[in-house]
Amino acid sequence: MSGSLLFGLLSGLHLGHHLGPSPLALLGTGFCGAFTTFSTFTMETLQLLEEGELFSAGLTVAASVVLGLASAAVGVAVGLAL
């Protein structure tokens, strides 16, 4: 969630004309890409599926998507407010 928040913040700063396209690409793709990873999320979800925990796996996926989008939206709002 912290990576989504950070990328949202960077996007908000870009939309507010406080961050150019090159720094956005470098920080967004480079730093945020290195900072966040789906490997743990994928491993945990697959482990739940292998254990037959279909509801828990689905809940994990849904919660991750919803919380990630919400975190990014908060980041954009903060970036635009600065």
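In the Gaussian network model of the chain, springs joining C-alpha atoms below 10 Å, which of LEU15, LEU67, LEU49 carries the largest mean-square fluctuation?
The residue with the greatest mean-square fluctuation here is LEU49.
So for the chain, considering every pair of alpha-carbon atoms, how many percent are separated by more than 23 Å?
That fraction is 33 percent.
Using a cut-off of 15 Å between beta-carbons, work out the net charge of the residues near THR45 (Lys and Arg +1, Asp and Glu -1, THR45 not included).
Charge balance in the 15 Å sphere: -4.
Expressed as an acute angle from 0 to 90° and rounded to the nearest 10, what is the orientation of the C-alpha long axis of helix 39-50 relative to the principal long axis of the chain?
Between helix and principal axis, roughly 20 degrees.
Tell me the angle of helix 2-15 to the major Cα principal axis of the chain, expressed in degrees between 0 and 90 and rounded to the nearest ten.
30
Which of the GluC sites (Glu not before Pro) found in region 20-82 are in a DSSP loop and have at most 15 neighbouring Cβ atoms, other than their own, within 10 Å?
GLU51, GLU53
I need MET1, MET43 ordered by Cβ neighbour count within 10 Å, fewest first.
MET43, MET1
May I ask for the net charge around VAL61, where only other residues with Cβ less than 13 Å from the Cβ of VAL61 are counted and Lys, Arg are +1 while Asp, Glu are -1?
-2
Coordinate-derived values only; no laboratory data. Just so it is clear, the structure is predicted and the values come from calculations on it, not from any experiment. FYI the Cβ positions are ideal-geometry reconstructions off the backbone, even for glycines, and counts take in every protein chain you see.
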